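Encoded as structure tokens, the structure appears first; notes follow it.
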Amino acid sequence: MLSFASCSIDNYDLPDSSLSGKVLDNVTNDMIENGGVNSGTVIQIFEGNSKQPILSQSFPDGHFVNAALFTGQYRLWAVGPFKMIEDTIDISISGNTEVEVMVLPNVRLSATLVSFEGTTATIKVNYEKVHADQTLARLGVVWSTFNNPNVTTFAGGNIQEQNVTSENLTSGERIFTLTGLTSGGKYYFRAAGRTDAAGNYYNYSSTISPLNN
């Protein structure tokens with residue numbers, strides 16, 4: 001005689017909510033550019049009273065998405081090249097929830113193409129150190145043949161960086177001359193800089209991508 005034992009399969013609810021948002025400069029309202037998956041901004045989401053965070057990486061331009069959350073009460077903390085305005089953000093997540101994370105970056109940066117002649121490009125970097133208790137430590141330009149280069153990933157390009165710790169810089173501009181480029185090539189440039197704050201997180205400018213002649 002053959003007998004069959006029945007087995008039951010537990011049914012678990014699937015995540016039914018998502019959280020998306022932006023990390024924004026509290027003064028300029030610009031998104032905080034970062035390194036993305038390469039040492040960029042990390043969004044820590046704590047469900048209820050849990051001390052174990054759900055981690056989400058920010059995209060390089062400063063926005064983030066987590067589409068695998070359950071409806072409920074959460075706390076949010078962001079870690080990156082900035083100081084949060086609030087200590088922790090309390091969020092009620094249901095359906096598609098959006099949030100703005102207001103911060104003050106460690107360094108504000110912009111990059112401008114001054115010239116591109118033959119295989120040499122000149123980039124002007126404007127910088128502003130924001131926090132008085134930090135020292136501007138590194139300043140430079142990173143470039144690549146792919147969008148959103150960062151200090152660890154710059155395929156087809158390179159990085160030119162200066163140790164400026166001893167200069168006690170607060171704000172101003174600096175010129176970087178980049179050599180060895182391909183005349184007529186397509187490049188993506190970003191200013192990069194970091195302070196001596198814990199974590200060694202880099203701030204970045206928006207990417208500029210001129211069509212070289």
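Every number in this text was worked out from the coordinates using simple rules, so none of it is lab data. In this text the structure is predicted, and so the values were computed from the model without any measurement. So basically every Cβ, Gly included, is an ideal-geometry build from the backbone, and we count neighbours across all protein chains shown.
Full-extension gain between residue 198 and residue 167, please, as 0.36 nm times their residue separation minus the C-alpha to C-alpha distance.
9.2 nm
Quantify how much of the Cα-Cα distance distribution of the range 107-204 extends past 16 Å, in percent.
In whole percent, the long-distance tail amounts to 53.
In what order do 159, 43 fall by count of nearby beta-carbon atoms within 10 Å, going from fewest to most? Walk me through the numbers on the way to the answer.
On the way: 159 17, 43 23.
Fewest to most other Cβ atoms nearby, the residues stand as 159, 43.
Using a cut-off of 18 Å between alpha-carbon atoms, which aspartates and glutamates can reach residue 51, once sequence neighbours fewer than 8 places away in the same chain are excluded?
87, 90
Check residue 36: other-chain or 5+ apart residues with amide H under 5 Å from its amide H, H built from backbone geometry?
Result for residue 36 returns 41.
Residue 197's amide H: which non-local residues (gap 5+, or another chain) put their own amide H closer than 5 Å, with H modeled 1.01 Å from N in plane and none for Pro or chain starts?
135
Can you compute the modelled spin-label distance between residue 63 and residue 83, with each label point 7 Å from Cα toward Cβ, in nm?
2.9
Under a cut-off of 18 Å between alpha-carbon atoms, report the lysines in cross-link reach of residue 129, not counting same-chain residues fewer than 8 places apart.
83
How far apart, in nm, are two points set 7 Å out from the Cα along the Cα-to-Cβ line at residue 94 and at residue 182?
5.4
Only loop residues by DSSP count here, and only those with at most 15 other Cβ atoms within 10 Å; note down the trypsin sites (Lys or Arg not before Pro) in the range 115-151 that meet that.
Within the range 115-151, no trypsin sites (Lys or Arg not before Pro) qualify (loop, at most 15 other Cβ atoms within 10 Å).
Tabulate in residue order the Karplus-calculated ³J(HN,Hα) for the range 89-95, using 6.51 cos²θ - 1.76 cosθ + 1.60 with θ = phi - 60°, rounded to whole Hz; enter x for Gly and Pro.
Running phi through 6.51 cos²θ - 1.76 cosθ + 1.60 with θ = phi - 60° gives 9, 8, 9, 9, 9, 7, x Hz.
Calculate, for residue 115 and residue 155, the FRET efficiency according to 1/(1 + (r/R0)^6) with r their C-beta to C-beta distance and R0 25 Å; round to the nearest 0.05.
For residue 115 and residue 155, the calculated efficiency is 0.55.
For residue 22, list the aspartates and glutamates whose Cα falls under 14 Å from its own Cα; do not include residues on the same chain fewer than 8 positions away.
Candidates past the 8-residue exclusion: 30, 33, 61, 98, 100.
Is the chain best put as rounded, prolate or oblate by its Cα gyration tensor, with a ≥ b ≥ c the root eigenvalues, rounded for a/c under 1.5, and otherwise prolate when a/b is larger than b/c, oblate when not?
Taking the square roots of the gyration eigenvalues as a ≥ b ≥ c, the chain is prolate.
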